[in-house]
């Protein structure tokens, strides 16, 4: 048997030393034997002698430049050395010799993926899939590339194909779970990640992503248990520590959450998500500038992380650092499927962000977020009109009549109605950016909204004035992402009812427990069932002396109408209420009452009660 064949047989049996000796013997008699040079180069690579391996395979190629295997393995060695451009060239030379060389297409994809060139990697995967239609691994990799390209919806069919080809393919089920998480389809994601855990109980990747799903389903204790299991299996998993940080954050265990993110960073300083989770912990601790630094670290490592950009925007806005805040907030449009309740509109007309002159142009303003945001930012219609634009304002149906009182608006349109012709458009939340708003340039002239005509006569409903009237709103939309922090149980507000005032519930659709408490309080007028629109609410506010509310759209309504209101805020407030102040530059008629470090409501309610007693006595 020729010495090369003996060497090849030894290599195939894992006898690397023997294979090396046989190759050297073969080359001593035939120094230019390309196959022997190539095999010896591969052996050297397997024993971490990469420089020698590259040199030997290079000699083999010079002696026989027609063998695609040589170029394939040379590319692998070059890639291991970090010589990516040379590796890329070597793979392409292999494919010129054999366009159907599946393994090279896969190697090329791996190289492109490592360089974050996912669009190109996707092409190589597509070629590999066409050549090997039964390769579940290739389908998983296509799905992975699509997820990296933020195309989770397109990724799902590829992961499903992989799972159909091989029902026990744990990567297919993890991939489906990750894609469905990106689309906020958490119940479906849960099923696939549970299946992945069944297939491979010790998969840290499956457990970590299962933890993410359970966090989003607000099953925090289960999420913590799953992530602790992941860390038992892989105690040095930066990913699991980072996800654990998010659970502890939602549980309010802030010091532990920060420690978990710090541990993740210590394990992998280049892990952007760990810096992101650390920033969120610091934000929750109101260490806003330190949080800002961590957000910047996360974005330096992953400049395209849209959720980190959005959280950074909120950090800067809450700190009153508006210029970067408004710029970063434009990343919200890329957060689709990440818990963002945005209405992303597509128009043929260009987006206006203040760069082009709009004098003589028609500008469409449209709401992209909640009703409170619409009431806060519709004020900018007056600035747009003062710039010479004809302003069309598109609003949600409940706001039509109310926003019809806004000066500067030429035409009001309800969402869903046919739009008239216009030249530019701008979402309401982008208007502060368009007008380069700073703290000292907030357009705060109020009222800018007023009560529409033809509304209910609330004076007749109230009857004679006997005591000061105080409205109460204690809860917002339960679907709001921060509702667990901003809403209060009515029972918590009951100490206020000892004050000598006529209390009026302005709460729409109280939750069952609150409704039961309200029924027992005969000294509280319940206006909630009578409120059919924001116009009704606006008219009601003109007949009460003070509104006491949590952070809901009613706070914005009172502020826009210039009516007095006290707003009860959680320890970490929404960005618009800023920090460490009891007034609002957006709404001069509002007074803010904040939770202290204890992050509980009874001290806030007690302060409100004392202040209310003093006001009434005065």
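Once you have a ≥ b ≥ c as the square roots of the Cα gyration tensor eigenvalues for the stretch 263-416, tell me rounded if a/c is under 1.5, and otherwise prolate or oblate according to whether a/b is larger than b/c. Provide the component values of the computation, followed by the final result.
Numbers: a/c = 2.48, a/b = 2.39, b/c = 1.04.
Prolate.
Given a Förster radius of 45 Å and the C-beta distance between residue 225 and residue 542 as r, what FRET efficiency does 1/(1 + (r/R0)^6) yield to the nearest 0.05? Mind showing how you got there, number by number?
Working: r = 53 Å, r/R0 = 1.18.
Efficiency at R0 = 45 Å is approximately 0.25.
Per 0.36 nm of contour for each residue apart, how much would the distance between residue 494 and residue 419 grow if the chain were fully extended, relative to their Cα-Cα spacing?
Values: separation 75, 0.36 × 75 = 27.00 nm, distance 4.76 nm.
Here the segment from residue 494 to residue 419 would lengthen by 22.2 nm.
In whole Å and largest first, what semi-axes does the C-alpha gyration tensor of the stretch 212-332 yield when each eigenvalue is scaled by 5 and square-rooted?
Values: eigenvalues 125, 43, 31 Å².
Semi-axes from the Cα gyration tensor: 25, 15, 12 Å.
Can you tell me the orientation of helix 102-114 relative to the chain, as the angle in degrees between its alpha-carbon axis and the longest Cα principal axis, to the nearest 10?
Tilt of helix 102-114: around 40 degrees.
Taking only Cα atoms of the chain, what ratio of Rg to Rh do you get with Rh as the Kirkwood inverse-distance radius?
Working: Rg = 31.9 Å, Rh = 28.8 Å.
Across the chain, the Cα-based Rg/Rh ratio is 1.11.
Counting alpha carbon pairs within less than 8 Å and at least 6 residues apart, what relative contact order, in whole percent, applies to the chain?
Numbers: 1015 pairs, mean separation 40.8, N = 618.
The normalised contact order for the chain reaches 7 percent.
Please list, short to long, the whole-number percent of alpha-carbon pairs of the stretch 369-474 in consecutive 5 angstrom bins beginning at zero.
2, 9, 18, 21, 17, 11, 9, 6, 4, 2, 0
Where a ≥ b ≥ c are the square roots of the eigenvalues of the C-alpha gyration tensor, would you call the stretch 458-617 rounded, which needs a/c under 1.5, or, failing that, prolate if a/b is larger than b/c, or oblate? Walk me through the numbers on the way to the answer.
Working: a/c = 1.32, a/b = 1.28, b/c = 1.04.
Since a/c stays below 1.5, the shape of the stretch 458-617 is classed as rounded.
Return the whole-Å distance between the Cα centroid of the stretch 41-106 and the Cα centroid of the stretch 194-256.
Distance between centres, Cα-based: 40 Å.
How far is helix 118-131 tilted, in degrees, relative to the longest principal axis of the Cα atoms in the chain, given as a value from 0 to 90 rounded to the nearest 10?
Taking Cα atoms only, the helix is inclined about 50 degrees.
Pairs of alpha-carbon atoms within less than 8 angstrom and 6+ residues apart define the contacts here; what relative contact order does the stretch 458-617 have, in percent?
Numbers: 240 pairs, mean separation 38.3, N = 160.
Here the relative contact order equals 24 percent.
What FRET efficiency would be calculated for the residue pair residue 187, residue 293, taking the C-beta separation as r and a Förster radius of 35 Å, to the nearest 0.05?
On the way: r = 37 Å, r/R0 = 1.05.
Approximately 0.40, to the nearest 0.05.
Please determine, in degrees from 0 to 90 and to the nearest 10, the orientation of helix 136-148 with respect to the longest principal axis defined by the Cα atoms of the chain, where the helix direction is its Cα long axis.
Helix 136-148 sits at roughly 40 degrees to that axis.
Among 586, 352, rank each residue by its count of other Cβ atoms within 10 Å, from fewest to most, as a rough exposure measure. Could you put the intermediate results ahead of the total?
Numbers: 586 19, 352 22.
In order of increasing Cβ crowding within 10 Å: 586, 352.
With viscosity set to 1.002 mPa s at 20 °C, what whole-number translational diffusion coefficient in µm²/s follows for the stretch 444-508 from Stokes-Einstein and a Kirkwood radius over Cα pairs?
Values: Rh = 14.9 Å.
Estimated via Stokes-Einstein, D reaches 144 µm²/s.
Between the stretch 301-374 and the stretch 489-568, how many Å separate their Cα centres?
Centre-to-centre (Cα) distance: 32 Å.
Suppose the chain between residue 520 and residue 52 were pulled fully straight at 0.36 nm per residue; how much longer would it get relative to their current alpha carbon spacing? Mind showing how you got there, number by number?
Values: separation 468, 0.36 × 468 = 168.48 nm, distance 8.67 nm.
This chain segment gains 159.8 nm when fully extended.
Once you place label points 7 Å from the Cα toward the Cβ at residue 255 and residue 80, how far apart are they in nm?
4.8 nm
Which FRET efficiency value, to the nearest 0.05, do you get for residue 218 and residue 98 by plugging their Cβ-Cβ distance into 1/(1 + (r/R0)^6) with R0 = 51 Å? Numbers along the way, then the final one.
Details: r = 53 Å, r/R0 = 1.04.
The calculated FRET efficiency here is 0.45.
Which value in nm describes the separation of the simple spin-label points at residue 199 and residue 89, placed 7 Å from the Cα toward the beta carbon?
4.0 nm
If you rank 615, 375 by fewest surrounding Cβ atoms within 10 Å, what's the result?
615, 375
Taking all pairs of distinct Cα atoms, average 1/r, flip it, and tell me the Kirkwood hydrodynamic radius of the stretch 1-64 in Å to one decimal place.
Working: mean 1/r = 0.0894 Å⁻¹.
With all distinct Cα pairs of the stretch 1-64 included, I get 11.2 Å.
Could you work out the per residue convex hull volume over the alpha carbons of the stretch 521-590, in cubic angstrom?
Numbers: hull volume 7.6 nm³, N = 70.
Looking at the stretch 521-590, the number lands at 109 Å³ per residue.
Order by neighbour count: 466, 161, fewest other Cβ atoms within 10 Å first, most last. Intermediate values should be presented prior to the final figure.
Values: 466 8, 161 19.
If I rank by nearby Cβ atoms, fewest first, I get 466, 161.
Under a point spin-label approximation (7 Å from Cα along Cα-to-Cβ), what is the residue 396-residue 18 distance to one decimal in nm?
7.6 nm
Please give the contour-minus-distance gain from residue 509 to residue 459: 0.36 nm per residue of separation, less the Cα-Cα distance, rounded to one decimal in nm. Let's see the in-between values first.
Values: separation 50, 0.36 × 50 = 18.00 nm, distance 2.28 nm.
Gain on extension, residue 509 to residue 459, equals 15.7 nm.
Read the figures in this text as sums done on the coordinates, not as results from a lab. Quantities reported herein were computed from a predicted structural model and do not represent experimental measurements. Note: ideal-geometry Cβ built from the backbone for every residue, glycine included; neighbour counts use all protein chains shown.
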